[in-house]
Every structure is written in structure tokens, then in C-alpha cells.
Amino acid sequence: MTTGVRRRMGVEERRQQLIGVALELFSRRSPDEVSIDEIASAAGISRPLVYHYFPGKLSLYEAALKRASDDLASRFVEPHEGPLGARLLRVMSRFFDFVDEHGPGFSALMRGGPAVGSSTTNALIDSVRQAAYVQILSHLRVEDPPARLELVVRSWISLAESTALIWLDGRRIPRAELEVQLVHDFAALAAVSAAYDEELTALLRRLLKDEPAEGPFSDLVSRLIALAS
């Protein structure tokens, strides 16, 4: 009879396993509700061994947050092909995939969890927002944005975060509708700012001329016309 022998993990492999276990638990409950004992049990190791790899829960939380923030930032990466409205809609779909998969963890991250006040945590959150900002500017083909365009993009990123948090609290609006609505919100924010800025007006006209009749931007125009009439 052959007896199975548990393979001993290396230091980095064990650290990555613990981060993965923590993320899985954080995806179901807020991080401040998850204990080190639970993480140790789920990983199949003792509590003292967790502390061998991480000094405390905060350091493990920050390591898990780093992996999650890298994942979230990657959701904004989109090939520069096709109409802008369709691209933004695909980005919003991947963004809500993340929110859906990591609901309690996402909520704790944005509202504040066990790492409130941690400079590392705040820096990671800011890095996701900055990555999203850079990606959106790249789709607009703008390197040095005017002040109003920067305001539009950063405000829209904040709006996407707030919308996701509200959606998680009961999911009372169909997710697919919110994804389209956020793309409409981007166009609406840009249109309002363009009314005050000639440079932004020219940019918006350049972007809209390639939008198909069945795209989300054209859908917004149709809805606004119907509302006005």
C-alpha cells in the first residue's frame, strides 16, 4: 500500500497560498470578520505558522489587497480597437465581474476595513484609480489632458466605485443595466464639460463620429431625445 506524502511548500509558495486563502475568505465576508484562525484552518496549517509568514493580520490583508488591486487594475486594460462606447462597456463588464466575485472584500476596501489608516492600503487603492485613469486617457488618445477632461475621467472612476458599492447593497438594479448606465454617464459628463471647453468639444466630436448607430453612446442620444419630446 502506498501512503501519500504531503509536499512541503517553499516560503514564497506558502505565502502565495495564504494570500489566496485570505482572498477567498474576504470575497465572502468583510476582512475584519475573518480571523487568523480561520485563515490557518482553511490553509491546513497552524495559527503560529501563519505568523511565521506574515507578522500579523494587517500584513496579510495588505498582501491580499495588493494581489486584488493588481487584478482590479487589469480589468481596465482593453485593446484600442473598435468604438469607444463598446470598449468602455467591456471594461465595465470586467469591473463588475470583480465586484461580483469579491463583494465583501471590495466593499471593505473602498469603505475601510482592518487596514484603515494604513499608508500601504491607501496607496494601493490610489494605484488602482490611477491605473484606470491612465487607461481611459489612452483610449481617448490624450497624453496631457485639459483640466476639465481630467475632472471628467476622475469623477467617472469615482462614480463607478460608488455605483458598485450601492449595487452590492441589495443588488436592486440589474447589473447589465448599470454597466450600460455607467457608459452613458461617461458620455454625459464629457458632454456637459464640453459645453464649457472648446478643446473638449473637438475631442468629443472626434470620438463620436466613429460610434455606430447600435452603440451605447447612440443609445444615450436616442433616450435623451425621447425624454425631451
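Values quoted throughout were computed directly from the atomic coordinates according to the rules given, and no laboratory measurement underlies them. Please read all numbers here as calculations on a predicted model, not as lab measurements. Neighbour counts are summed over all protein chains in view; Cβ atoms, including those assigned to glycine, are modelled from backbone coordinates with ideal geometry.
So here's what we get for this one:
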read-out	value
CD proxy at 222 nm, helix term only [per DSSP H run n ≥ 4: -39500 (n - 2.57); per residue of the chain; nearest 500]	-23500 deg cm²/dmol
Lys209 paired with Ser74, simple spin-label distance in nm, labels 7 Å along Cα-to-beta-carbon	3.7
Point-to-point label distance, Ala147-Ala123, nm (Cα→Cβ direction, 7 Å offset)	3.0
Stretchable slack from Arg67 to Arg175, in nm (0.36 nm times residue separation minus alpha-carbon distance)	36.4 nm
Estimated FRET transfer efficiency when R0 is 35 angstrom, pair Gln17-Val134 (beta carbons, to 0.05)	0.65
Relative packing of 197-209, 175-187, which averages over residues the other C-beta atoms within 10 Å, highest first	175-187, 197-209
Using alpha-carbon coordinates, inclination of helix 147-168 to the longest axis of the chain, degrees	50
Extension gain (nm, one decimal) between Arg47 and Ser27, 0.36 nm per residue minus Cα-Cα	5.1 nm
Calculated P(r) of the stretch 106-229 - Cα pairs past 18 Å, %	61
Extended-chain gain in nm, criterion 0.36 nm per residue less alpha-carbon gap, Met9 and Ile225	71.5 nm
Net charge, Thr201 excluded, C-beta distance under 14 Å - Lys, Arg +1, Asp, Glu -1	+1
